Each structure stands twice: as C-alpha cells, then as structure tokens.
C-alpha cells in the first residue's frame, strides 16, 4: 500500500510538472501583457494544482485568523486580517475564471 501511494504521488508530481513547465515559459514571455484568452494547459494546471493549493491557503488562513482573533480584536484589526487571511485566498479560489491567473 505504501508503494502505491508513493507511485501515485510521483505520477501526480510528474503530470503537474508536465503541465507547469509550458505554462511558466508562456508567462515568462511577456509578463506585462494582459492575456485575454487562456489555453487548455492553463485550465488543467489551474484545476489540478492552483485551485487545490489556494483552497488549502483559504482553510489554513481561516485557522490562523481564528487563532489570531484574540490578539487582533483588541487592536481593532480583525477586518484587515480577515481580508488578507480569508477573503483574498477565497476570492482567488472561487471567483476567478478557470485558467486565468
């Protein structure tokens, strides 16, 4: 069972790298140009790698915000920490179009 898990992780990493490399080279060509179209590679990369990572960032940010709440509440900074730790990652995860970074 342990070998299957290692094999599955290795395959997932290789597939992710396979889709990540063309995406990074395409982005490196002109970083200031607005891209109005996306490709299937960007969509797959977004769906399989970027969205799960940003969802994890949202969950971890929520936990950090909850732990930090007793310290930020007296200072009146709960709104700022809420925006940075929960709202921005959630917006990036759920409201952005697939394949657009």
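For this structure, a couple of remarks:
Residues are listed down the side, and each one gets a yes or a no for (1) part of a helix (DSSP H, G or I); (2) under 13 Å from the mean Cα position of the chain (by Cα); (3) modelled with pLDDT of 95 or more:
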{"residue": "5", "(1), (2), (3)": "yes, no, no"}
{"residue": "9", "(1), (2), (3)": "yes, no, no"}
{"residue": "14", "(1), (2), (3)": "yes, no, no"}
{"residue": "18", "(1), (2), (3)": "yes, no, no"}
{"residue": "21", "(1), (2), (3)": "yes, no, no"}
{"residue": "34", "(1), (2), (3)": "no, no, no"}
{"residue": "37", "(1), (2), (3)": "no, no, no"}
{"residue": "46", "(1), (2), (3)": "yes, yes, no"}
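- Scanning the stretch 66-90 for residues being in a helix (DSSP H, G or I) and over 23 Å from residue 55 (Cβ atoms) gives a total of 3.
The values are calculated or read from the model by the stated rules, or taken from the named source; none is laboratory data. Only a predicted model underlies this, so the values are computations on that prediction, with no experimental measurement involved. Neighbour counts run over all protein chains shown; Cβ positions are idealised from the backbone, glycine included.
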